[in-house]
Every structure is written in structure tokens, then in C-alpha cells.
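Encoded as C-alpha cells, the structure appears first; notes follow it.
The values are calculated or read from the model by the stated rules, or taken from the named source; none is laboratory data. The structure displayed is predicted, hence computed values, not measured ones. Cβ coordinates were reconstructed from backbone atoms using ideal geometry, including for glycine residues, and neighbour counts include every protein chain displayed. Accessible surface is based on the protein model in full, side chains and every heavy atom, while ligands, DNA and RNA are left aside. Shrake-Rupley method; radii C 1.70, N 1.55, O 1.52, S 1.80 Å.
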Amino acid sequence: MFLTKKALQKALELLDGSEFYSDNHAKIFECIKNVDAKGSIVDISMILRIALTTKSMTPDLYDLMRILGVEIMKKRYNKFN
């Protein structure tokens, strides 16, 4: 998502979520802020796992795909589009 922690911090200073055209993008931004506030490293796979499962502690994406199956993963992902 961001190349450096400094870039993320700058984005968090400048944005509050209302700047996003899509409500879904604002939700993803809120996830990023929440993960960062907990002191965790923000990466796209974590954000996807949270979006798909609503939990931050999950198996990796490959295992999630195997457990849930492609159709359920697509259905959950499409809620954000």
C-alpha cells in the first residue's frame, strides 16, 4: 500500500476518509488507520483479510481461499465494489 511508514503517516495526517469518492474506499482507509493505530504493519494482504473476514487474526489469503472457496471469496469481495 505505502512504500514507507513515513508515507503512511503523512497520508494519515492529510486524509480523514471523507475525501474518497467511494464509501468502500473510505472503509478500507479506516481499516488501515485502525491497523496502524494498533502498531501493526499495514499491508494489502492484511486489509484484504479484514475486508473478507471482518477479523484481523486469520489464516493467510491462500488458506482462506482454500477454506472458503472461490465463490464465497468472490461474493465477499464484490460487496466492496
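When you check Leu52 against the structure, is it buried (at least 16 other Cβ atoms within 10 Å of the Cβ) and either of a type outside the set (A, V, I, L, M, F, W, C) or in contact with a Ser or Thr (Cβ under 9 Å, 6 or more places away or on another chain) (or both), yes or no? If you could, list the steps in order and put the result at the bottom.
Details: buried (at least 16 other Cβ atoms within 10 Å of the Cβ): yes; either of a type outside the set (A, V, I, L, M, F, W, C) or in contact with a Ser or Thr (Cβ under 9 Å, 6 or more places away or on another chain) (or both): yes.
Against the criterion (buried (at least 16 other Cβ atoms within 10 Å of the Cβ) and either of a type outside the set (A, V, I, L, M, F, W, C) or in contact with a Ser or Thr (Cβ under 9 Å, 6 or more places away or on another chain) (or both)), Leu52 qualifies.
Condition first: touching a helix residue (DSSP H, G or I) at 6+ places or on another chain (Cβ under 6 Å) and either open to solvent by less than 80 Å² (accessible area, probe 1.4 Å) or of a type in the set (D, E, K, R) (or both). Now tell me which residues in the range 55-81 satisfy that.
Hits for the range 55-81 are Ser56, Thr58, Leu61, Met73, Arg76, Phe80.
Within the range 5-52, count every residue that is under 16 Å from Lys79 (Cβ atoms), touching a residue at least 12 places away in the same chain (Cβ under 8 Å) and not in a helix (DSSP H, G or I). Before you say what the answer is, go through the steps one by one.
First pass over the range 5-52, keeping only residues under 16 Å from Lys79 (Cβ atoms): 22-28, 30-31, 47-52.
Checking the rest, the ones that are also touching a residue at least 12 places away in the same chain (Cβ under 8 Å) come to 24, 27-28, 30-31, 47-52.
Subsequent filtering for residues that are not in a helix (DSSP H, G or I) retains none.
Total satisfying the criteria: 0.
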